[in-house]
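Reviewing the structure listed below.
Where a number appears in this text, it was derived from the coordinates with a stated rule and is not lab data. Please read all numbers here as calculations on a predicted model, not as lab measurements. All Cβ positions, even for glycine, are placed from backbone atoms using ideal geometry, and neighbour counts span all protein chains on display.
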Amino acid sequence: MTDTYQDRKIAGLCTRCGDPAEDGCQLCPKHRAAQKRYAKACYTSARDARRKAKACVRCGGKRKPGSKWCVACLIKRGKVKTKGLKQGQNIGRDRIAARTDHVTEGDGRTRSRFRGRGAASGRMSNEEKTDADLRDAVEALRKCEAGLVLSRSPEVAALPPIQRKEALLAALSHADHARRFLVDLLERHKYPTERE
Ligand SMILES: [Zn+2]
Ligand SMILES: [Zn+2]
């Protein structure tokens with residue numbers, strides 16, 4: 001059984017039925033679709049269960065009051081609304097959308113996946129890429145800031161330490177995201193990061 005599996009895998013055939021596999025996949029279109037349906041069904045039932053249990057629909061953690069999400073998941077999604085921050089600055093939104101793929105993953109969920117230097121960026125001039133990276137970095141830093149504000153709020157301070165830490169890490173993940181845009185930007189301009 002394992003031999004068949006390995007042989008098919010190496011030959012680029014569907015590991016379940018031996019028909020030609022789809023590019024970049026171990027399964028034929030039929031079995032791939034079946035697997036996606038299965039993953040989606042699992043995911044949907046898990047999500048339903050969380051909904052019924054009034055838990056965060058994303059991770060199953062404790063919900064933020066008035067939300068279907070926990071604090072860390074809200075922050076991670078960049079869905080935090082804060083008073084002190086300027087909202088509605090949509091500069092660069094279109095460009096972010098143009099550089100974002102919607103990918104269906106193994107669990108059947110569709111996630112937006114950012115293309116740093118993908119097909120669309122190939123058509124952009126260096127100046128445009130620089131602008132896009134800068135705006136994306138600013139956007140990510142805004143999400144980071146909003147997340148940090150929330151993670152320091154009395155509401156989050158009242159949560160157990162693990163959840164407080166998750167909220168902080170979720171906020172910082174946006175700073176990490178911003179850093180990657182900035183590294184791209186600096187590298188494109190061959191900025192000398194290490195000065196001797
Ligand atoms: Zn197949
Ligand atoms: Zn969550």
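Taking 19 Å as the limit for the C-alpha separation, the pairs 62/165; 52/81; 40/143; 52/165; 36/64 exceed it in the case of 52/81; 40/143; 52/165; 36/64. Extension gain, residue 180-residue 37: 0.36 nm per intervening residue step, less the Cα-Cα distance, totals 48.1 nm. The distance between label points at residue 67 and residue 126 comes to 4.2 nm (points 7 Å beyond Cα on the Cα→Cβ vector).
Amide H to amide H distances under 5 Å link residue 13 with 21, where only residues 5 or more positions off or on other chains count and H is placed in the peptide plane. Packing, as the average of other Cβ atoms within 10 Å across residues, places the peptides 66-78, 32-44 in the order 66-78, 32-44, highest first. Kirkwood analysis of region 1-53, using all unique Cα-Cα pairs, places the hydrodynamic radius at 12.3 Å. In plain terms, the chain from residue 134 to residue 158 could stretch by 5.1 nm, reckoned as 0.36 nm per residue minus the Cα-Cα distance. Over region 1-53, Cα pairs under 8 Å with separation of 6+ residues give a relative contact order of 18 percent.
In straight-distance terms, cross-link reach from residue 129 covers every one of the lysines whose alpha-carbon lies under 18 Å from its own, apart from those fewer than eight places away in the same chain; here that gives 190.
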